[in-house]
Amino acid sequence: MDYMKKILFICMGNICRSPSAEAVMQQIVKKNGMEKEIFCDSAGTIDYHAGHPADERMSEHAILRGYELKSVSRPFENDDFKNFDLVITMDEDNFQQINWQDHSKKYADKIRRMVDFCSIDQIKEIPDPYYGGEQGFEKVLDLLEDACQGLFKYIIDQK
């Protein structure tokens, strides 16, 4: 299927932030009837959790907001540069690692920070909630809801 836009969300392990961004964005896409035009996926900069579902704590908080984290963790692959229109990173470390993998800088215009699309909070990165408490997961979802709305608007404005 030819999509108008293919978006890949990136975090470190692909079990908290990026699968949540994928689910939030998919819900916005579905709500706007654009499932055939916008495709979302997620990946991690490491392969430690490859094949695993999202973190249970993240899933529980997402479910409370009506999101289902269905993705299975996978590492970022160089073919992802060709296969996706936007590669969106959650924090500065992810951004640097993905840029480093683009040795030729051929795909630099595709690599963006998730926080570039935030409108409510002006922050430097989407924090990793993995080692924190309940509030960390809630904060991540707050930030992702804001950023995904901004990302959706950006995509629509590009048409």
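Listing for the model above:
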{"read-out": "Chymotrypsin sites (Phe, Trp or Tyr not before Pro) within region 18-110: DSSP coil, no more than 13 neighbouring Cβ in 10 Å", "value": "TYR48"}
{"read-out": "DSSP-assigned coil residues among trypsin sites (Lys or Arg not before Pro) in region 20-88, each with at most 16 further Cβ atoms within 10 Å", "value": "LYS36, ARG65, LYS70"}
{"read-out": "DSSP bridge pairs, region 5-158: antiparallel proportion in percent, nearest 5", "value": "5 percent"}
{"read-out": "Normalised contact order of the chain, rounded percent, pairs of Cα under 8 Å and 6 or more residues apart", "value": "26 percent"}
{"read-out": "Cβ-placed point charges (K, R +1; D, E -1), dipole of region 1-124 about Cα centre in debye, nearest 20", "value": "280 debye"}
{"read-out": "Extended-chain gain in nm, criterion 0.36 nm per residue less alpha-carbon gap, GLN158 and GLN122", "value": "10.7 nm"}
{"read-out": "Region 23-39 versus region 93-159: alpha-carbon centroid distance in Å", "value": "17 Å"}
{"read-out": "Cβ-based charge dipole, the chain, positive-most Cα from PHE39, PRO19, TRP100", "value": "PHE39"}
{"read-out": "Cross-link pairs beyond the 25 Å C-alpha cut-off, checked among LYS31/LYS106; LYS36/LYS70; LYS36/LYS105; LYS36/LYS82; LYS5/LYS70", "value": "LYS31/LYS106; LYS36/LYS105"}
{"read-out": "Axial C-alpha extent at least 20 Å, average Kyte-Doolittle at least -1.0 - helices from the chain (DSSP)", "value": "17-31, 134-158"}
{"read-out": "Extension reserve of the LEU64-ASN78 stretch, reckoned as 0.36 nm per residue once the Cα distance is removed", "value": "1.6 nm"}
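All of the numbers you see were taken from the coordinates with simple rules; none came from a lab. Being a predicted model, the structure only gives us computed values, none of them experimental. With ideal geometry, Cβ positions are generated from the backbone for all residues, glycine too; neighbour counts draw on all protein chains shown.
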